[in-house]
Amino acid sequence: NWPNCSIPFNAFSLVLISLLKIGLLRDMGTVPLLYPPKDTASFEAFAYEFFAETSYYPSNIGVSPFGRGIYGKFLNGTKYHDRTGKTKFSKRNILTPVFEIYDYESLTAVMYNLHSEKYRAIAIDSVMDAWDSGIRNKSAVTPLVQLVQDPSPRPASLMVFPIAPPNDPDVLVGFIRIVHNWDTILSQAVPSNAKGIDFVVSDNIKMVTFTITDDRTVGFKGSGDVHDRQFNSYRRQYNAFTNDGYSAYSVVFYPNASYFPSFLMIGPIVGCVVTIVFILLCTLCFAAYNFYMNRQLLHKQEALDSKRSFVRFISHEIRTPMNTVCMGLRVLQDEAQSALSTFMVRLDNAFKASASATSSVSKLMERVSRWIDLMQEVEESSNNAVSVLNELLNYDKIEMKTLKIDKELLPVWSLISSSVKPFHIQAKEKGLVMNMLLERDPLAEGLLVIGDSLRLAQVFRNVVSNALKFSFKGTSVEIKQVWHKDRLLEAGKLAIEDISDTNLEPAGSVEISVKDSGAGLSADNLKQLFREGMQFNANKLQGGGGSGLGLWIAKGIVNLHGGIISATSEGQGTGATFTVELPVVRALSADARSKQNSHSQNNDHGSLLLGGDSLSLQDPFDRIVVRNVLVVDDAPLNRKMLCRLLTNIGCKCMEFCNGYECVEMMRNKLQRSQSASNSKKLTLMNVDNEFSEMDEQIHSKGSNHNNIEDFYDDDTAIDLILMDFEMPVKKGPEACAELRAMGVDCLIVGVTGNVLQADIDYYVSMGAQSVVAKPFSLVKLMETLKRFHCVSLGKKIL
């Protein structure tokens, strides 16, 4: 939520109390980095809400004559509301308001824009310039400044340190501000009984003079060097530290007329020693602070690793049994429908003349149809469970900002139509009327969206399915699109820059609205609608179903495309309207438009993940007919169901229960093909190694090698290998790498419940062309095979 972040005041004060005492600091706190105007209003609202909730701060904190808000000061001291951050002395238009502080006397500095003053801006710009150059640990010190909270002259210096969030260390989001008053520093440089010493502090820009007064306290003497010149010969100089070439701080000690009666020459030496000790103490303070922050970062990283391990475990352990359930249901449905059709053809003539027989057949058909419907309902429930798991994984990616999109040129109207088309049957079954008002403006022909077809289809499906879910029987759902030629133009320019295509120009935006006649939403509901896990009366309106993440994920996807998603409703019982607006582009010329449309159509393929990130794959294959398939999985039921599905569509399958068996079979086949012998039969090599006993045990558990001679035949080409990830003896990725090293060049597709992006990338890096998620689906497999120029899978034409 940067920059709208705060440290809980109790923790903030506990850390600062010790640091302020040890380092002799006046104050220390956070300064967020804002880029107006987009950050200004939201941060101001957040800041004053935080002040109101923190009892330490008074009710009028941060209030200026003009009211609440970030302020700067004119040369005459008048405060003004600084909304833009524009200055004459810096190229950056930024706001760096003083936010959390501990020094109660400095509360008037709260909400003061440090970057609005020249010398403070020098230090801030120095840190940001270094950050832009890749230097992450750069800090800076301002020249001498007068603090806005001090009415009388009291020169001070501000130290500025950069802040980056642990989960995104390359993004500068703010600064730590430390305040040093020079009278406090110098008071520690001499013994408490000393007097009669002038200190001239210089930063090569400004110069001020301090003196030890008669009551032995350090006070401001005047601007410039105003020491007594008759004591120049006693001059002693100490270079305190440098401010990266902007200001080289130095402190020059001079005695004055009050010095000699009370203090001898040991004073400057003691002062230097004390100053050195002070700097060492400051260093220790910063080292302690750095240690504390690194420990917190380590704890967060450990929590993140634990979370990923948990997600990986849950995904695998749920998807593997669900894979068997879904494939089994699909096999039952296909074979039941096939058997029923065959049975009806055979009985048609035999019982045509018998009314009683016809009645019996009708009853049998009715029962079988009910069984098929029941299987479809069970399959739908299983798919719903997997969808909830998918939403949880997408939620994790959006939360961690790791969700990726594959950007390509997509025809606007066909994208909308193809995404909505499958819902007509669902609407009809529920007794709803779905009206699609996709009227095309002649001027809007050739409009394209730059985006990820799968992700955008996911958004449209979510919005439309919600409308159907919450609408009442006998009502209607209206889907409408409107083209706006003058909106989201900047987002369109950024999208064009992402794909680096100079033949395109922004063409405004397309707005797709889905209006339902359901329960409607109150004003409070609308404010919370797109938050994660948000559901309203879920038990009543949707039977306790859903995860409450769909709209939150949809918002994340739309934002990644530079678009806007919103909702409106006149109140409960009046229905709701959801609107998705996306930037669109068009070709600069007719030739270019034709080229881009062709590109979009030729790339109409989908990522085969669960709605996850697309893989960057090559297409090195000719047009392929897939007939012979190796199925590698350690779960016997998974192998059995997958082989049944493939066999039903004309494929020939061979089963292996681990990657080791598959590798050895392919090694023998390759050796046989390279051998001078013309023998037609081979047997598996006798492997006398550390795996032999384990391999024998696994064989006894049910690997099915029907017609193994056909697969060992030198002329029998292996078209496709479907391989699980987690298996005993040898895992899928390791087996895949060995096959590639041996020269096996057929298609290898991973079939796994491990669907975290890191696991998928690892599988592909080991040699797999693609990865499909469990539960397995023939539709998913066919979509993937299309991407590799496959023309058929068994008897199915792709």
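The values are calculated or read from the model by the stated rules, or taken from the named source; none is laboratory data. Nothing here was measured: the structure is a model prediction, and the numbers come from that model. We place every Cβ from the backbone using ideal geometry, glycine too, and count neighbours over all the protein chains shown. Note: accessible area is taken over every heavy atom of the protein model, side chains too, but ligands, DNA and RNA are not part of it. Shrake-Rupley method; radii C 1.70, N 1.55, O 1.52, S 1.80 Å.
Worth a mention:
- What a 1.4 Å probe finds exposed on the stretch 125-169 is 53% carbon and sulfur by accessible area, rounded to a whole percent.
- Shape call, the stretch 740-798: gyration tensor on alpha carbons, a/c limit 1.5: oblate
- In this structure Asp305 has an accessible area near 70 Å², from a 1.4 Å probe over the protein heavy atoms.
- For the set Leu526, Leu158, the ranking by accessible area, highest first and with no ligand, DNA or RNA atoms included, is Leu526, Leu158 under a 1.4 Å probe.
- If the segment from Ile797 to Lys469 were pulled out straight at 0.36 nm per residue, it would be longer than the present Cα-Cα gap by 114.6 nm.
- Sorting Val270, Val463 by accessible area puts them as Val270, Val463; the probe is 1.4 Å, largest comes first, and only protein heavy atoms count.
- Coil-residue GluC sites (Glu not before Pro) of the stretch 440-514, DSSP, other Cβ within 10 Å capped at 14: Glu445
- Shape category assigned to the stretch 118-160 from the gyration tensor of Cα positions, a/c cut at 1.5: prolate
- Cut-off under 5 Å, modelled amide H: who pairs with Ala140 long-range: Val160
- Packing, as the average of other Cβ atoms within 10 Å across residues, places the peptides 209-219, 577-587 in the order 577-587, 209-219, highest first.
- Projecting the Cα atoms of Val141, Thr84, Pro65 onto the dipole axis of the stretch 31-189, where Lys and Arg carry +1 and Asp and Glu carry -1 at the beta carbon, places Thr84 farthest toward the positive end.
- Charge dipole (debye, nearest 20) of the stretch 726-777; +1 at Cβ of Lys and Arg, -1 at Cβ of Asp and Glu: 100
- Heavy-atom accessible surface of the stretch 1-65: percent carbon and sulfur, 1.4 Å: 61
- Per-pair calculated FRET efficiency, R0 = 51 Å: Gln671 and Asp334 via Cβ, rounded to 0.05: 0.85
- Accessible surface, 1.4 Å probe, highest first, among residues Thr275, Thr108: Thr108, Thr275
- Solvent accessible area, Å² - Phe260, 1.4 Å probe, full protein context: 80
- The distance between label points at Thr574 and Asn1 comes to 3.1 nm (points 7 Å beyond Cα on the Cα→Cβ vector).
- In a DSSP loop and with at most 14 other Cβ atoms within 10 Å, the trypsin sites (Lys or Arg not before Pro) in the stretch 448-518 are Lys473, Lys485.
- Shape category assigned to the stretch 42-187 from the gyration tensor of Cα positions, a/c cut at 1.5: rounded
- Averaged over its residues, the stretch 408-519 has an accessible area of 48 Å² per residue, based on protein heavy atoms and a 1.4 Å probe.
- Loop-resident sites, the stretch 102-197, for trypsin sites (Lys or Arg not before Pro), counting at most 13 other Cβ within 10 Å (DSSP): Arg136
- Accessible area expressed per residue, the stretch 114-165, with surrounding protein chains retained (probe 1.4 Å, Å²): 35
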